[in-house]
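The values are calculated or read from the model by the stated rules, or taken from the named source; none is laboratory data. Just so it is clear, the structure is predicted and the values come from calculations on it, not from any experiment. Don't worry about glycine lacking a Cβ; one is built from the backbone with ideal geometry, like all the others, and counts go over all protein chains shown.
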Amino acid sequence: METKRTLEGITLAGEQLIQQAIDARRLYQQAVDARKPADEIERLRFLADSLFQTVTDYQLDALGHQRQTRH
């Protein structure tokens, strides 16, 4: 069975990953609001940013776009 390369298909296929990114961003914001230690806030920010970048990369790959190489 071939996966459709539609926005809906891509979103559905990556739904769990998207939810993880949203949850990570929520945890980060809660830590900021609660004035948690700076190292914990930075760790949560890094995790959230990494997950959102992974979502973006996944979606671009699913649409057949080539990623730009970062040097």
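Can you list the helices (runs of 4 or more DSSP H) lying wholly within the range 3-71 that have 2 or more residues being β-branched (Val, Ile, Thr), modelled with pLDDT under 95 and out of contact with any helix residue (DSSP H, G or I) (no Cβ under 6 Å at 6 or more places or on another chain)?
Of the helices (runs of 4 or more DSSP H) lying wholly inside the range 3-71, those with at least 2 residues that are β-branched (Val, Ile, Thr), modelled with pLDDT under 95 and out of contact with any helix residue (DSSP H, G or I) (no Cβ under 6 Å at 6 or more places or on another chain) span 38-62.
Pull out all pairs, ordered by first then second residue, where Cβ-Cβ is under 7 Å, the residues are six or more apart or on different chains, the first lies in the range 29-55 and is closer than 21 Å to Ile18 by Cα, and the second is polar (S, T, N, Q).
Final answer for the pair search is Leu51/Gln20.
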